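Undergrad: Quick one: this structure, given as C-alpha cells, is what I'll be asking you about.
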Amino acid sequence: MKKISVIIPMYYEEEVANECYSRLTKVMSELAEYTYELIFVDDGSRDKTLTILEDIAKSDDKVKIISFARNFGHQCAVSAGLYHVTGDAAVIIDADLQDPPEIIPEMIKLWEEGNDIVYAKRRSRKGISFLLKLAYKVFYRILYFLSEVDIPLDTGDFRLVGKNVIDVVNSMPEHNKFFRGLFAWTGFKQIPFEYDRDARFAGTTKYPLRKLIKLALDGIIGFSSKPLKVVGQFGIVTIIISIIILLYSLISFFMYRDTITVGWTSLMVAITFFSGVQLLSLWIMSEYIARIYDESKQRPPYIISKKINI
Ligand code: UDP
Ligand code: MG
C-alpha cells in the first residue's frame with residue numbers, strides 16, 4: 001500500500017490546529033488504497049499550538065510533530081517536513097485551510113498518472129485586499145520574467161511531490177530554499193491543478209510585509225542574476241545622461257556665459273542622481289552578498305527541539 005505524507009507548517013495557529021487536523025484526517029482516511037501520515041511542523045510558536053498538537057498525537061500515531069526551538073520561517077518548516085517524509089509522495093499544505101484539503105485526492109490521481117509534481121494554481125483568492133492581490137500578481141510576473149527557470153505563475157507551496165523529487169531537493173545543501181522555484185528547477189514532470197483559494201479559517205496572516213519581502217527577494221535572487229546585470233546597464237545609461245549634462249553645461253557656458261546657474265544646477269543634478277544610482281546598485285549587490293555570507297556560515301537552517309511519534 002502506498003503512503004502519502006502531508007506536511008503542515010504551523011506558526012501561531014492555535015485557532016486552526018484542531019479544525020486542520022480533523023479536515024485532513026477526514027480526507028486522508030477516506031482514501032482506501034493509501035495509508036498516510038500528518039507531519040505537523042511547529043515553527044517556534046509560543047501560543048498553544050504545540051500543546052494542542054501534542055494532545056492530538058497522543059491518540060493518533062499517524063500524527064507526527066517536529067517542533068522548532070524558535071521561529072525559523074515557513075520555508076525552513078517545509079524543509080524540515082520534507083526531511084522526515086516516510087511516504088511515497090508528500091503534500092505540502094498551509095495550516096489555515098486556505099488551501100482546501102478536499103482536492104488532495106485529485107492531486108494524488110494526477111500523480112498516479114505519471115506526474116512527479118502536481119502544483120495547485122490559484123484561480124482566485126478570497127479574503128485578502130485588492131492591493132495585496134495586485135502585489136502578488138505583480139511579484140509572480142516579475143519573478144517569471146527574471147527567473148532563469150520557469151517558475152509557475154500564481155502558485156504557492158500547496159502541491160504534491162513524489163519521493164524522487166523529495167530526494168533530490170533534500171540532497172541540496174543550500175539553506176535559503178525557495179521551494180516553488182527549486183521544484184521547478186529539478187525539471188521533473190509537473191502539472192498544474194487549478195483551485196479557488198479560500199479565506200483563512202481563523203486567525204490572522206503569519207506573513208507580515210517584512211517576511212513577504214524577504215520571500216520575494218529569496219525567490220528573485222535565488223533564481224536570477226539579472227538584477228546584477230541590470231546594475232551594469234544602469235551604469236551605461238547614467239554615463240550617457242552625464243555626457244548629455246556635460247554637453248548642455250558646455251554649450252550654456254560658451255554661448256550664454258551662464259556660469260553660475262548652469263554650474264550649480266548641473267552639479268546638483270549629477271551628484272544627487274549618481275549617488276542614488278550608486279546606492280541602489282550597492283543595495284542590489286549587498287542582497288546577493290548577504291545571501292552568500294549566510295550560506296558560507298554553514299549554520300543549520302533550523303534547530304529541532306522536540307520530535308513526537310517520529
Ligand atoms: N508559517 C510558518 N512560519 C512562519 C510564517 C508562517 O510556519 O514564520 C506557516 C503558517 O502557520 C501557515 C503557512 O505558513 O500554515 C502560511 O502562512 P499564512 O497563512 O499566514 O500566510 P498567507 O496565506 O497569509 O500568505
Ligand atoms: Mg494563509
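The values are calculated or read from the model by the stated rules, or taken from the named source; none is laboratory data. In this text the structure is predicted, and so the values were computed from the model without any measurement. Heads up, the Cβs are rebuilt from the backbone with ideal geometry, glycines too, and the neighbour counts pull from every protein chain shown.
Undergrad: Could you tell me which of the residues Asp198, Asp294 is more than 30 Å from Ala57 (Cα to Cα) and of a type in the set (Asp, Glu)?
TA: Details: Asp198 fails: more than 30 Å from Ala57 (Cα to Cα).
After ruling out the rest, the residue left standing is Asp294.
Undergrad: Quick one: what pairs do we get from region 293-310, first residue over 11 Å from Arg70 (Cα atoms), second of a type in the set (Asp, Glu), C-beta under 6 Å, 6+ apart or different chains?
TA: Correct list of pairs: Asn309/Asp61.
Undergrad: Right, something else. Go through region 82-104 and count every residue that is in a helix (DSSP H, G or I) and away from ligand 2 (no atom under 14 Å from the Cβ).
TA: Filtering region 82-104 down to residues in a helix (DSSP H, G or I) leaves 82-83, 101-104.
Remaining after also requiring away from ligand 2 (no atom under 14 Å from the Cβ): 82-83, 102-104.
Of the residues in that region, 5 qualify.
Undergrad: Shifting gears a bit: Could we say that Ser281 is modelled with pLDDT of 80 or more and farther than 30 Å from Asp42 by Cβ here?
TA: Values: modelled with pLDDT of 80 or more: yes; farther than 30 Å from Asp42 by Cβ: yes.
Yes; evaluated as a whole, the condition is true for this residue.
Undergrad: So, one more: Looking at region 114-134 only, could you name the residues that are farther than 17 Å from Asp94 by Cβ, in contact (Cβ under 8 Å) with a residue 40 or more places away in the chain and small (Gly, Ala, Ser)?
TA: Hit for region 114-134 is Gly114, nothing else.
Undergrad: Another question, if that's okay. Can you name the residue in region 207-232 that is part of a loop (DSSP other than H, G, I, E, B) and within 16 Å of ligand 1 (Cβ to nearest atom) and, of all such residues, is farthest from the chain's Cα centre (by Cα)?
TA: The first filter runs over region 207-232 and keeps only residues part of a loop (DSSP other than H, G, I, E, B), leaving 207-208, 224-225.
Restricting the remaining residues to those that are within 16 Å of ligand 1 (Cβ to nearest atom) gives 207-208.
On the way: Tyr207: 11, Pro208: 13 Å.
If we take residues in region 207-232 being part of a loop (DSSP other than H, G, I, E, B) and within 16 Å of ligand 1 (Cβ to nearest atom), then Pro208 is farthest from the chain's Cα centre (by Cα).
Undergrad: Okay, next question. Please go through region 187-204 and give me each residue that is within 26 Å of Met10 (Cβ to Cβ) and of a type in the set (Val, Ile, Thr), ordered by number.
TA: Result: Thr204, single match.
Undergrad: Follow-up question, since we're still on this one. Would you confirm, using the coordinates I've provided, whether Ala95 is within 13 Å of ligand 1 (Cβ to nearest atom) and buried (at least 21 other Cβ atoms within 10 Å of the Cβ)?
TA: Values: within 13 Å of ligand 1 (Cβ to nearest atom): yes; buried (at least 21 other Cβ atoms within 10 Å of the Cβ): yes.
Answer is yes for this residue.
Undergrad: Spot the failing condition for Leu143; the list is (1) touching a residue at least 40 places away in the same chain (Cβ under 8 Å); (2) in contact with a Pro (Cβ under 8 Å, 6 or more places away or on another chain), and only one is missed.
TA: Tallying (1) touching a residue at least 40 places away in the same chain (Cβ under 8 Å); (2) in contact with a Pro (Cβ under 8 Å, 6 or more places away or on another chain), Leu143 fails exactly one: (2).
Undergrad: Which helices (runs of 4 or more DSSP H) sit wholly inside region 105-206 and have at least 2 residues that are aromatic (Phe, Trp, Tyr), surrounded by fewer than 14 Cβ atoms within 10 Å (Cβ to Cβ) and more than 16 Å from ligand 2 (Cβ to nearest atom)? Walk me through it before giving the result.
TA: Numbers: elements: 130-146, 163-170, 179-186.
Answer list for region 105-206: 130-146.
Undergrad: Quick one: would you say Ala57 is at pLDDT below 95 and over 25 Å from the mean Cα position of the chain (by Cα)? It would help to see each step written out before you state the result.
TA: Values: at pLDDT below 95: no; over 25 Å from the mean Cα position of the chain (by Cα): yes.
When the stated conditions are applied, Ala57 does not pass them.
Undergrad: Restricting to region 187-206, give me the number of residues that are among the hydrophobic types (A, V, I, L, M, F, W, C), within 23 Å of Val161 (Cβ to Cβ) and within 16 Å of ligand 1 (Cβ to nearest atom). Lay out the reasoning, then the answer.
TA: First, pick out the residues of region 187-206 that are among the hydrophobic types (A, V, I, L, M, F, W, C): 188, 191, 193, 199, 201-202.
If we keep only those that are within 23 Å of Val161 (Cβ to Cβ) too, we end up with 188, 191, 193.
Still in the running and within 16 Å of ligand 1 (Cβ to nearest atom): none.
Looking only at that region, the number is 0.
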